[in-house]
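**Student:** My structure is below; once you've seen it, I'll send some questions.
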There are 2 protein chains.
Amino acid sequence: MITIREADTKDFEQIWPFFHVIVAAGTTYAYPTEMTKQEAINTWMVLPEKTYVAEHEGEILGSYYLKTNMSGPGSHVCNCGYMVSDSARGKGVATAMCEHSQEQARQLGYRAMQFNFVASTNTGAIRLWEKLGFEKVGRLPGAFKHPQEGYVDAFVMFKDLMG
Amino acid sequence: MITIREADTKDFEQIWPFFHVIVAAGTTYAYPTEMTKQEAINTWMVLPEKTYVAEHEGEILGSYYLKTNMSGPGSHVCNCGYMVSDSARGKGVATAMCEHSQEQARQLGYRAMQFNFVASTNTGAIRLWEKLGFEKVGRLPGAFKHPQEGYVDAFVMFKDLMG
């Protein structure tokens, strides 16, 4: 049974080990691969509007943030980012978090959700977002520098939450 | 004769009058329409990597910023935003600034330039960016709340600078 709840500061001690692995790999997130723990806390826990954790028996399996994607005339669209601990893959944690985030977004008054920069090589994530109702609405040519594949396209993905 | 040079802090006194008019209109920029002068300075002059002004005989006719669009694996793509004083429209200031920005971006080592959020109602700008080699690479459905038109689509536009 996976529980999803709002994160508090001390949760980052359990988030950092998988956050660090994911970001250092440089294959999915548009964060500097050498990001420090303090920068990570700021990016993941401080700047976003909300941060959540998915846990099972006190162990944090994944985390996501939710924030406004663009301010002013764009502020009805939110953006989320999700990370799952390597040891918790294949248990539906990403699906549970993405569904939870859509419900939270609606409650916070957002009309849509946008992912700005999904590496085209990240086929597992793309398949999952499509299954959960997101569409590719843009293709950014060569915009993602993959450490093994070189310059690959990135997708913009979008879901209307009012449907 | 229009000259383009790097901005310094005191230039914002001449930028703010047109910046304020453009942002308060809410029809083009994803900034809060009630942005204060201090927030504007931070957004336009402090956070970007570079800020430039276009001037003629000491009068500032327009300004633009240049910054990295996405960090880490996305950091070879830059983003720019341009504003032209209402009194200087039709004089080629936006064209001059956009061409200047592409040259600066190349010199700074960027491989491409991306505009993240061009309101589909902003047809003059879209026509100009297309003329200058940008392509629509994405369409964000209803992502821009126009004060008169309601929810309109926004485009993602992109130009490869290495071609």
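The values are calculated or read from the model by the stated rules, or taken from the named source; none is laboratory data. Everything quoted here is computed from the prediction, not taken from an experiment. In this analysis, Cβ positions are derived from the backbone assuming ideal geometry, glycine residues included, and neighbour counts consider all displayed protein chains. Please note that ligands, DNA and RNA were not included when accessible areas were found on the heavy atoms of the full protein model with its side chains. Shrake-Rupley method; radii C 1.70, N 1.55, O 1.52, S 1.80 Å.
**Student:** Closest approach to the A-B rotation axis by any Cβ of A: residue and distance in angstrom?
**Tutor:** Residue and rounded Å distance to the axis: A:Gly138, 1.
**Student:** Still on this structure, please answer the following. Put A:Asp153, A:Asp8 in order of accessible area, largest first, 1.4 Å probe: what do you get?
**Tutor:** Values: A:Asp153 40, A:Asp8 65 Å².
Of A:Asp153, A:Asp8, the descending order of accessible area is A:Asp8, A:Asp153.
**Student:** How large is the helix-only mean residue ellipticity at 222 nm for the protein assembly as shown, computed as the sum of -39500 (n - 2.57) over DSSP H runs with n ≥ 4, divided by its residue count, in deg cm²/dmol to the nearest 500? It would help to have the intermediate numbers written out before the result.
**Tutor:** Numbers: 8 runs with 86 residues, N = 326.
Roughly -8000 deg cm²/dmol at 222 nm, from the helical runs in the protein assembly as shown.
**Student:** For the range B:21-99 and the range A:69-111, write down the distance between their C-alpha centroids in whole Å.
**Tutor:** What the calculation gives is 30 Å, centre to centre.
**Student:** If you don't mind, there's one more thing I want to ask. I'd like the antiparallel share, as a percent to the nearest 5, of DSSP beta bridges with both residues in chain B. Kindly include the intermediate steps, with their values, before the conclusion.
**Tutor:** Values: 32 of 34 bridges.
The antiparallel proportion sits near 95 percent.
**Student:** Mind grabbing the accessible area of A:Glu59 for me, 1.4 Å probe, Å², rounded to tens?
**Tutor:** Ignoring ligands and nucleic acids, A:Glu59 comes out at about 90 Å².
**Student:** Related question: Assume the label is 7 Å from Cα along Cα to beta carbon: what separations in nm does A:Gly163 have to the matching positions in the other copies?
**Tutor:** Computed spacing set for this position: 3.2 nm.
**Student:** Kirkwood hydrodynamic radius (Cα pairs, Å) of the protein assembly as shown?
**Tutor:** Details: mean 1/r = 0.0480 Å⁻¹.
Over the protein assembly as shown, the inverse of the mean reciprocal pair distance is 20.8 Å.
**Student:** Reachable lysines from B:Lys50, Cα under 29 Å, same-chain residues fewer than 8 places away excluded?
**Tutor:** Of all the lysines, those that pass the test against B:Lys50 - Cα under 29 Å, at least 8 places apart if same chain - are A:Lys37, A:Lys67, A:Lys145, B:Lys10, B:Lys37, B:Lys67, B:Lys91, B:Lys131, B:Lys136, B:Lys145, B:Lys159.
**Student:** Moving on to the next point. How large is the accessible surface of B:Met70 in square angstrom, using a 1.4 angstrom probe and rounding to the nearest 10?
**Tutor:** It works out to around 50 Å².
**Student:** Also: Loop only per DSSP, at most 13 neighbouring Cβ atoms within 10 Å: give me the trypsin sites (Lys or Arg not before Pro) in the range A:57-163, ordered by residue number.
**Tutor:** Answer in residue order: A:Arg89.
**Student:** Evaluate the relative contact order of chain A (contact order divided by residue number), counting alpha-carbon pairs under 8 angstrom at least 6 apart; express in whole percent.
**Tutor:** Details: 278 pairs, mean separation 30.2, N = 163.
Across chain A, relative contact order equals 19 percent.
**Student:** Assume the label is 7 Å from Cα along Cα to beta carbon: what separations in nm does B:Gln148 have to the matching positions in the other copies?
**Tutor:** 5.3
**Student:** Shortest first and in nm with one decimal, please list how far the A:Lys50 label point sits from its counterparts in the other copies (point 7 Å along Cα→Cβ).
**Tutor:** Spelled out, the distances from A:Lys50's label point are 4.1 nm.
**Student:** Here's something else I'd like to know. At a probe radius of 1.4 Å, figure out the A/B buried accessible area, summed over both chains, and give it in Å² to the nearest 100. Kindly include the intermediate steps, with their values, before the conclusion.
**Tutor:** Working: alone 8630 and 8630 Å², together 15160 Å².
By this definition, chains A and B bury close to 2100 Å².
**Student:** Another question, then. Along its principal axes, what span do the Cα atoms of the range B:3-160 show, with the longest given first and each in whole Å?
**Tutor:** 41, 38, 30
**Student:** Note down the relative contact order for the range A:64-145 as a percent, whole number, built from C-alpha pairs under 8 angstrom at least six residues apart. Provide the component values of the computation, followed by the final result.
**Tutor:** Values: 71 pairs, mean separation 22.2, N = 82.
Relative contact order here is 27 percent.
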